[in-house]
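Shown next, in structure tokens, is the structure this report addresses.
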Amino acid sequence: MKTFSQFMAEGNPTARMVHKSKTQVTGHISADRGDDESANRGKRKELEKDLKKHGIGHKKGVGEYKYSSGEGTGREVSYQTSKPDKMSKRRFGKVMRRLGRKHGQESVITKDKDKPAKLHYTEKGSKSTSDTIGHSKAGKHPEGYGETSGTKVRSAKLPKKTNKPAYHYESAAWTRKAGKSESGGLNEKGRKSYENDNPGSDLKAPSKTVGNPRRASFCARMSGMKKKLTSSATARDPDSRINKSLRAWNC
């Protein structure tokens, strides 16, 4: 996987997209629906008209993603959008969601400079409003959830091949499998990741030593959480995260 510095040294289109996502207010939207390329081409042109109408700049690239069913992957023309100078961030988010809904998209993405990107659901009245999906990182997503490349798109036509490097949004390790220990709790990578996201915190590895004040505090807190968050069906599940954590601390 190439580092961001290597991307910038190459001066490729993807590097410029990554840099923009870290220094400006940007978004991601698509107009593609289904596999009919001719129909999708028309939808892309309509989306471009709407973006222009609102004064929203855009850079076309190729997005690749895993189907929600987990079976197979898809490709689409993806638009990295840029907030106009005279448009507020709040207004930009609303316009992005509205355009996503108009063009048949379940969600759109916005990102505020060096802050984590957010995925916004477009359905009116939906209780799910947005999810934090992480920071911009060079390369393909480690779990295959989706990435965007700066592959050139001509005349709103989806290229047959992706010929430029990709970048993706990746959440902190402590929120993902990569930062979690098989025996419960966080591994070293997860603890470091949590500390980076929460300055002042100092997480330590589990201790099974009776009399250790950290162990006593953890067991007291987690036993209460277990009563609050588990049902009668899951309370005795040995593979649940909470029961694994309790065993790791010998609670």
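Right, Thr230: free of Cβ contacts under 8 Å to residues at least 40 places away in the same chain, outside the structural domain of Tyr145 (by TED's automatic domain parsing), of a type outside the set (Asp, Glu) and surrounded by 15 or more Cβ atoms within 10 Å (Cβ to Cβ) or not?
Details: free of Cβ contacts under 8 Å to residues at least 40 places away in the same chain: yes; outside the structural domain of Tyr145 (by TED's automatic domain parsing): yes; of a type outside the set (Asp, Glu): yes; surrounded by 15 or more Cβ atoms within 10 Å (Cβ to Cβ): yes.
Against the criterion (free of Cβ contacts under 8 Å to residues at least 40 places away in the same chain, outside the structural domain of Tyr145 (by TED's automatic domain parsing), of a type outside the set (Asp, Glu) and surrounded by 15 or more Cβ atoms within 10 Å (Cβ to Cβ)), Thr230 qualifies.
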For region 152-160, check the following and say yes or no: at least one residue is surrounded by 17 or more Cβ atoms within 10 Å (Cβ to Cβ) and either hydroxyl-bearing (Ser, Thr, Tyr) or without any contact (Cβ under 8 Å) to a residue 24 or more places away in the chain (or both). no
Residues of region 233-251 being surrounded by 12 or more Cβ atoms within 10 Å (Cβ to Cβ) and outside any helix (DSSP H, G or I), which ones? Thr234, Ala235, Asp237, Ser240, Trp249, Asn250, Cys251
If I filter region 150-164 for residues that are under 14 Å from Thr14 (Cβ atoms), in contact with a helix residue (DSSP H, G or I) (Cβ under 6 Å, 6 or more places away or on another chain) and assigned to a loop (DSSP other than H, G, I, E, B), do I get at least one hit? yes
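Pull up region 180-202, narrow it to residues that are assigned to a helix (DSSP H, G or I) and at pLDDT below 85, then point me to the one that is surrounded by the most Cβ atoms within 10 Å (Cβ to Cβ). Before you say what the answer is, go through the steps one by one.
Keep residues of region 180-202 that are assigned to a helix (DSSP H, G or I), which gives 188-197.
Still in the running and at pLDDT below 85: 196-197.
Details: Asn196: 12, Asp197: 14.
My answer is Asp197.
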Residues satisfying the stated conditions in region 46-90, i.e. crowded, with 18+ Cβ neighbours inside 10 Å and outside any strand (DSSP E or B): Leu47, Leu51, Ile56, Lys83
With the requirement that a residue be over 15 Å from Lys49 (Cα atoms) and either over 20 Å from the mean Cα position of the chain (by Cα) or outside any helix (DSSP H, G or I) (or both), what does region 91-105 give you? Arg91, Gly104, Gln105
Enumeration of residues in region 193-236 that are closer than 18 Å to Glu182 by Cα and more than 30 Å from the chain's Cα centre (by Cα): Ser207, Lys208, Arg236
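Within region 203-210, does at least one residue satisfy the condition of being outside any loop (DSSP other than H, G, I, E, B) and surrounded by 14 or more Cβ atoms within 10 Å (Cβ to Cβ)?
Going residue by residue through region 203-210, those that are outside any loop (DSSP other than H, G, I, E, B) are none.
The answer is no; no qualifying residue exists.
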Would you say Ser136 is among the hydroxyl-bearing types (Ser, Thr, Tyr), in the same structural domain as Asp85 (by TED's automatic domain parsing) and in contact with an Asp or Glu (Cβ under 9 Å, 6 or more places away or on another chain)? yes
Given the conditions (1) free of Cβ contacts under 8 Å to residues at least 12 places away in the same chain; (2) under 22 Å from the mean Cα position of the chain (by Cα), which single one is not true for Lys60? (1)
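The values are calculated or read from the model by the stated rules, or taken from the named source; none is laboratory data. Since the model is a prediction, treat every value here as computed from it, not as a measurement. We place every Cβ from the backbone using ideal geometry, glycine too, and count neighbours over all the protein chains shown.
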